[in-house]
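To start, the structure under review is shown below, and the notes come after it.
The values are calculated or read from the model by the stated rules, or taken from the named source; none is laboratory data. It should be emphasised that the depicted structure is a prediction, and the values quoted were computed from it without experimental measurement. Counting neighbours? That spans all protein chains shown, and the Cβs are built from the backbone with ideal geometry, glycine included.
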Amino acid sequence: MKFTKLTAVAVAASLLAGPTVAELVFPSLSYRTGPYGANGIPFADGYSDYFTLVNERDGGIGGEMTKVVECETAYNTEKGVECYESTKGMGALVYQPLSTGMTYQLIPKVTADDIPMHTMGYGRTSAANGKVFSHVFNYPANYWNGASVAVNHVLSENGGDIAGKKIALVYHNSAYGKEPIRTLEELAKKHNFELSLLAVDHPGQEQKSQWLQIRREKPDYVFMWGWGVMNQVAIQEAANIRFPMENFIGIWWSGSENDVIPAGDAAHGYKALNMHAVGNNFPVFADIQKYVVDAGKAAGAGDQVGTVLYNRGLYAAMLAVEAAKTAQGIHGTAAITSSMMRDGMEALDMTAAKMAGLGMAGFGPEFTVSCENHGGPGLGSVTQWDATSKSWSQISDFAPSDMDVIGKLIAEDSAAYAAENKIEEGCK
Amino acid sequence: MLYREAGDFKTTYAKDQQTFPIAFDRWGYFIMLALAFIVGPMIINDYWLNAVVLPFLIYAIAALGLNILTGYCGQVSLGTGGFMAVGAYASYKLMTSFPDLSIIIVVLLSGGVTALVGILFGLPSLRIKGFYLAVATLAAQFFLVWLFNKVPWFYNYSASGQISAPERSVFGYAISGANALPHVSYLFCLSFVVVLAWGARNLTRGANGRKWMAIRDMDIAAEIIGVDPLKTKLTAFAVSSFYIGISGALLFAVYLGAAEVGEAFGITKSFLVLFMIIIGGLGSIFGSFAGAAFMVLMPVLLKNIFVGQMGWPTDLAAHMEFVIVGGLIMLFLILEPHGLAALWRTAKEKLRLWPFPH
Amino acid sequence: MSANFYYGIEVFLNGLMAGVMYSLVALGFVLIFKASGIFNYAQGVMALFAALCLVGFQSGQIPFSHVINATFGTDIHHFGWHMPAFFAIILTLMMMILFAFLVEKFLLKHLVNQEPIILFMATIGLAYFMEGFGDLMWGSDIKKLDVGIPQGGNIWLETNTAFLGGPDFYGFYIDNLDIWATIFAAILVIALILFSQYTKTGRALRAVADDHQAALSVGISLRTIWVIVWSIAGFVALVAGIMWGSKSGVQFSLSLIALKALPVLMLGGFTSIPGAIIGGLIIGVGEKMFEFLIGAPFLGGATENWFAYMLALLFLVFRPQGLFGEKIIERV
Amino acid sequence: MTQTQTYQTPDGRTIGPAVMEMKNITLRFGGVVAIKDISFDIREGEIRAIIGPNGAGKSSMLNVMNGFYHPQDGDVMFHGKKRGPMKPHQIAKQGIARTFQNIALFKGMSTLDNIMTGRLTHMKSGLASQMMWWGSAQREETANREVVEKIIDFLEIQTIRKTPVGRLPYGLQKRVELGRALAAEPKLLLLDEPMAGMNVEEKEDMSRFILDVNDEFGTTIALIEHDMGVVMDIADRVVVMDYGKKIGDGTPAEVRQDQAVIDAYLGVAHDE
């Protein structure tokens, strides 16, 4: 076994022009092609640009240079496996698989290989329970938080009372799209609003039926768990039936420039959730311009800087770097291993001061991670699209979600997983 | 003369009917098997096993299945993805509801279940033919995917429709779940491949194979000389689905470990497997393997060349992959319309004369 | 009459409209299959490619800029002009004709007299190639397509029919885009019919469709015919691309609209232009009504995809020759 | 003229009772009448020819005999039993084999495999045993292979055993098709224009084979030809059809005398 492991490293390294051992390797399982490529590009750019920045500006993390190994998955789980296998031997510190499907199949693998995985705003929600999912982290917020944040936003708009209101959920008819349903049903009971579910089949270019139904039923609010082409079509159709855009709220994967621009002015006022800041008026962007883009070291064309998904990639990278620093602190060595990285992530503490120090004050919520809670506090914000200035703006600060509802669900689901796979809960 | 047929006479019909009438082929085959089983696990590393060899083996089974239906019986099907899904979900339900059931039994049963579903969706083939049937099988594809997505019972009511394979083992070695050893899973799949390929070969060279090919070549004449079209076509659908179901079960349980129906068993799967058998060669066991190898290996190789060696941006590399794979497919068809299997045959013709070209 | 009854009618109307959109895609398949017996898997990708070119020309994007930038480290993206839709369309048409020519020269020419399955496979290869090529040429980001076709519910119709169904009926909703699609489809079909009836090439086309050998024997060059047919199919693809593109923006997924056309083909037959239209309408109405009456209320929705195929399947089981084919008498 | 008692032919073959009787067969396609109220019988061991100009309805008659077409009126009796509504493949299993006017071989398969398909009605082994190539399956395969090899020797096509039939010349393909029909060891063998499009030698070969088949295996044969020539020499009895009607029936000698026949062929000739 040992022998083959070594050859694995050797071969993989030779295959992908492997790094010198001293570097901190952050694989990026990006998808710049395929049906969702348009969304994958900015995230991947942001993710690797931040590491480039760290190298150029700070000379790496605690003196250790970072290296981003990018591997194209085209959002296809089988390519994902190939990418994981080809990169894990290279001293990968943390995986960011960017696909719920891949997350599910990597959960057992990373646990066995002792490599942490960060699924930010996607993946298996119940992984928030670190006592079961020791190597999986999904801070700062997950889908169920998202659902609750959306409801809270509606509550705040209606003075805390939405009894008898109608809320429709338009969702991508897949595992991802079905995630919020349980939570929303619970919340519907709690706040007794009326919930109606409209499934849209992949890829979702034809949504006439769903939007005619919405036009008939006249819900007060429409939530959307959409992905890819479904988003653009949904927003266009909503505009077509003249549904009030400010009552149309999408999850963070339905809230990028890509989703609203094709609809043009019609999309004005459309809202989407987010777990980090939008726009590029943060000091860090000046650095990126200076050290990365102008230096011609940008991962992409550089035209994505400041877009929602670019920022998400940036944010994910920043959290990874901070976790790495924490890990270095804990273990007193700069050259950390994946297992040390896991400890770092579990002990991560994002304070306002830290973010300010990075020129990213208020870029994301304040939160701390613990073994019991890999999911963070589940804070989320609401952003709104301005079609005239073609920009998103954050219209609420990072608000908490209804954890006493969600916590219960997380406990249930993780317990089920633990039972199915004979894991006894506990902290390392 | 490296490769010789001459002076290789048969004294009994039984001998003449064997799979490799030519001694050279026969020994080559046995040596290959030995290598695959004994040397393979030693030299192949985890990366190649998990990322390339496992999918190759599993898709080879699917290709065998589809080739039986399309290549031998002439019924073009685009329902492969759906049938693989049946296999996968059957195995998941079996694994979770009977934890003590041996994984081997589970896989075989999954194949059986798929066979039944296959027969059901094979019924229209009696009246619908050619491309119309191909499109008709898409009904199976879309319906099955929708069903597994819609009915929570299939994924044990988990919050998201994902199914994850629990750990199961053979002779104490885990072949699914977190602690599965690549080499064990490899041998596990390899055994299935060998047995199933051998079975396919026997089926296609015997009475059944002739029935299938008769239907393929001229269904009316076949019926008049006493071939029951319905029975024959349904047998083809059943056997083919059995193979495809097994590959689906292995894909889920051994290779992916977790799956979501729309994502893992979507329409693209159906096309992928169809590409495999057409590139490899319709109506050829070897072709099924060649095609699977081509479709699995080619992207990985190209990626490693472009990204690994030439250091291109991954997206350009991926686009280039499409261009090249597409180009190659067209090139092959122009050079040899009947697939890699036919190319191989011509190569052998040449080899027979080597090193003395006339 | 209750509001629901009128909503039923509304769904029916929208079904018709959706059907037209499907027919637009199906037409391309039919044209090529009729003239060359090729089941052109690449039709969807052609629509995507056409739309990509259109947008590219319109916004003055520099082709292959990504590749150039990657290889030479340059940073070029746009010519900096904005081309009027009309010229862009003309340019795109030329592209499609060039494409047809190249396909014939480098692919079909070498595959004359091959079995259908081989030709089908060739178009699969072509589809792969075009997917990658299109992305290399124009990049894989989502682009807004706007050639000035109005979108959104038709207010006139809405306000003037609102009185029908009482208070909770808001009048018939029909998307202007769909109305335009219908008009274009109508023009397209009429043009095609006129072309095939009254022009020499058109008659040649039909001759080839009826009997290759005969056509060849009277000296019609199959190769020119193929170029022409593929060009026309390219044009149809462009129209489909524009219609679907303005719904969803131009992106990879546009190539998936082909899947929406297949049940239409089963129903209408691979060789009949009217079949493509009627089939499209039946599928459109069928799937929308099913979703409205049964799918959404009882089956949890999203039934359209498979229902379209089931509908076509059932239809074929009872009438294997399709909508417009004659009864097949088998002989030996 | 349907005699029931067996009798000896001049060349010493025994002609038994009727194997198949056609009773007042009428077949229509839509409005077109292909066969109009025709009756005749085929007796065990004889060579029965059905002749007539093109479009006389001969092939349709053959298709009725092996159940590919179902007549609107009339009965088909096989071994004295009235035949109910049956599918062609069931009828084949009853022991009726045939060849086709324009060859219907299985292009993708070798000569050997094509002829082996003729044995399918005799092979019973199950899927499982075939999959494992064990016991019954392999025994069956070998046994039937022996039968087929006899036929191959009989038809003198040993050299093309493994050749894909697509590559064979027309004459040989006809022979292979005959082989495929013989392989079924039929009680009644139907030949649809076995000599159509052949040159003189090929025709002579073919008629020799037909006679030998009838001689050595005692196979009852019904064959269709549109030119009288060769047929008259090999047939025991001849049915003459024209425009879907039976215009003559009897020994070649009798038929040659028949005025209606002469008209149909020589006299008031109509374009073929």
> Which members of region D:83-96 meet the condition of being more than 7 Å from chain B (Cβ to nearest Cβ) and either under 10 Å from B:Ile224 (Cα atoms) or hydrophobic (A, V, I, L, M, F, W, C) (or both)?
Replying inline: D:Met86, D:Lys87, D:Gln90, D:Ile91, D:Ile96
>> Given the options A:Met345, A:Met355, name the one that is crowded, with 19+ Cβ neighbours inside 10 Å, more than 18 Å from the chain's Cα centre (by Cα), assigned by TED's automatic domain parsing to the domain that holds A:Ala324 and not aromatic (Phe, Trp, Tyr).
In response: A:Met355
> Does region B:76-93 contain at least one residue that is over 20 Å from B:Tyr59 (Cβ atoms), within 14 Å of chain C (Cβ to nearest Cβ), buried (at least 24 other Cβ atoms within 10 Å of the Cβ) and not hydrophobic (A, V, I, L, M, F, W, C)?
Replying inline: no
> Taking the condition more than 14 Å from chain B (Cβ to nearest Cβ), under 30 Å from A:Glu186 (Cβ atoms) and either free of Cβ contacts under 8 Å to residues at least 60 places away in the same chain or out of contact with any Leu (no Cβ under 7 Å at 6 or more places or on another chain) (or both), does A:Glu346 pass?
Replying inline: yes
>> I need a count of the residues in region A:358-381 that are surrounded by fewer than 20 Cβ atoms within 10 Å (Cβ to Cβ) and either of a type in the set (Gly, Ala, Ser) or free of Cβ contacts under 8 Å to residues at least 40 places away in the same chain (or both).
In response: 6
> Just for region A:84-118: of the residues that are in a loop (DSSP other than H, G, I, E, B) and more than 12 Å from chain B (Cβ to nearest Cβ), which one is nearest to the chain's Cα centre (by Cα)?
Replying inline: A:Leu98
>> Of everything in region C:253-269, what is over 21 Å from C:Ala186 (Cβ atoms) and either more than 11 Å from chain A (Cβ to nearest Cβ) or in contact with a helix residue (DSSP H, G or I) (Cβ under 6 Å, 6 or more places away or on another chain) (or both)? Give them in sequence order.
In response: C:Ser253, C:Leu254, C:Ser255, C:Ala258, C:Leu262, C:Pro263, C:Met266
> How many of the residues in region A:61-83 are more than 8 Å from every other protein chain (Cβ to nearest Cβ), without any contact (Cβ under 8 Å) to a residue 60 or more places away in the chain, in contact with a helix residue (DSSP H, G or I) (Cβ under 6 Å, 6 or more places away or on another chain) and outside any strand (DSSP E or B)?
Replying inline: 3
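For every residue, the table says whether it meets (1) modelled with pLDDT under 90; (2) within 18 Å of the chain's Cα centre (by Cα); (3) acidic (Asp, Glu).
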| position | (1), (2), (3) |
| --- | --- |
| D:Thr163 | yes, no, no |
| D:Arg180 | no, yes, no |
| D:Asp212 | no, yes, yes |
| D:Leu223 | no, yes, no |
| D:Asp227 | yes, yes, yes |
| D:Ile234 | yes, yes, no |
| D:Gln259 | yes, no, no |
> Conditions: (1) within 9 Å of another protein chain (Cβ to nearest Cβ); (2) part of a helix (DSSP H, G or I); (3) not acidic (Asp, Glu). B:Gly161 meets all but one. Number of the miss?
Replying inline: (2)
> For region B:206-241, what are the residues that are of a type in the set (D, E, K, R) and at the interface with chain D (Cβ under 10 Å from one of its Cβ atoms)?
Replying inline: B:Arg210, B:Lys211, B:Arg216, B:Asp217, B:Glu223, B:Asp228, B:Lys231
>> Quick check on region C:81-132: of everything there that is among the acidic types (Asp, Glu) and more than 15 Å from C:Trp226 (Cβ to Cβ), which residue is nearest to the other protein chains (Cβ to nearest Cβ)?
In response: C:Glu131
> Here are some residues: B:Ala139, B:Ala159, B:Ala197, B:Ala221. Which one is closer than 30 Å to D:Ala92 by Cβ and either in contact with a Pro (Cβ under 7 Å, 6 or more places away or on another chain) or among the small types (Gly, Ala, Ser) (or both)?
Replying inline: B:Ala221
> Does region D:97-127 hold any residues that are part of a helix (DSSP H, G or I), more than 9 Å from every other protein chain (Cβ to nearest Cβ) and in contact with a helix residue (DSSP H, G or I) (Cβ under 6 Å, 6 or more places away or on another chain), and which are they?
Replying inline: D:Thr111, D:Ile115
> Across region B:183-205, which residue is modelled with the lowest pLDDT among those that are at the interface with another protein chain (Cβ under 9 Å from one of its Cβ atoms) and closer than 18 Å to D:Gly126 by Cβ?
Replying inline: B:Arg205
>> Considering only region C:273-286, I want to know if a residue exists there that is within 13 Å of chain A (Cβ to nearest Cβ) and either among the acidic types (Asp, Glu) or farther than 21 Å from C:Trp180 by Cβ (or both).
In response: yes
> Out of all the residues in region C:40-51, which are out of contact with any Gly (no Cβ under 8 Å at 6 or more places or on another chain) and either surrounded by 23 or more Cβ atoms within 10 Å (Cβ to Cβ) or within 14 Å of chain A (Cβ to nearest Cβ) (or both)?
Replying inline: C:Ala42, C:Gly44
> Looking only at region A:183-210, which residues are out of contact with any helix residue (DSSP H, G or I) (no Cβ under 6 Å at 6 or more places or on another chain) and facing another protein chain (nearest Cβ under 10 Å)?
Replying inline: A:Ser196, A:Leu197, A:Ala199, A:Glu206, A:Gln210
> Do any helices (runs of 4 or more DSSP H) entirely within region D:160-272 hold 2 or more residues that are within 19 Å of D:Gly45 (Cα to Cα) and among the hydrophobic types (A, V, I, L, M, F, W, C), and if so, which?
Replying inline: D:170-183, D:200-212, D:228-234
> Does A:Ala295 meet the test of being over 25 Å from A:Trp385 (Cβ atoms), in the same structural domain as A:Gln96 (by TED's automatic domain parsing), touching a residue at least 12 places away in the same chain (Cβ under 8 Å) and crowded, with 24+ Cβ neighbours inside 10 Å?
Replying inline: no
> Where residues in region A:140-158 are in contact with a strand residue (DSSP E or B) (Cβ under 6 Å, 6 or more places away or on another chain) and part of a loop (DSSP other than H, G, I, E, B), which of them is surrounded by the most Cβ atoms within 10 Å (Cβ to Cβ)?
Replying inline: A:Ala141
>> Just to verify a result, which residue in region A:124-139, among those that are outside any loop (DSSP other than H, G, I, E, B) and under 14 Å from the mean Cα position of the chain (by Cα), is nearest to the other protein chains (Cβ to nearest Cβ)?
In response: A:Thr125
>> For a quick check of your reading: which helices (runs of 4 or more DSSP H) sit entirely within region B:242-338 and have at least 2 residues that are facing chain C (nearest Cβ under 8 Å) and over 27 Å from B:Glu167 (Cα atoms)?
In response: B:267-280, B:314-335
>> For the condition within 14 Å of chain A (Cβ to nearest Cβ), in contact (Cβ under 8 Å) with a residue 12 or more places away in the chain and not hydroxyl-bearing (Ser, Thr, Tyr), what is the one hit in C:Val236, C:Val208, C:Val250, C:Val229?
In response: C:Val250
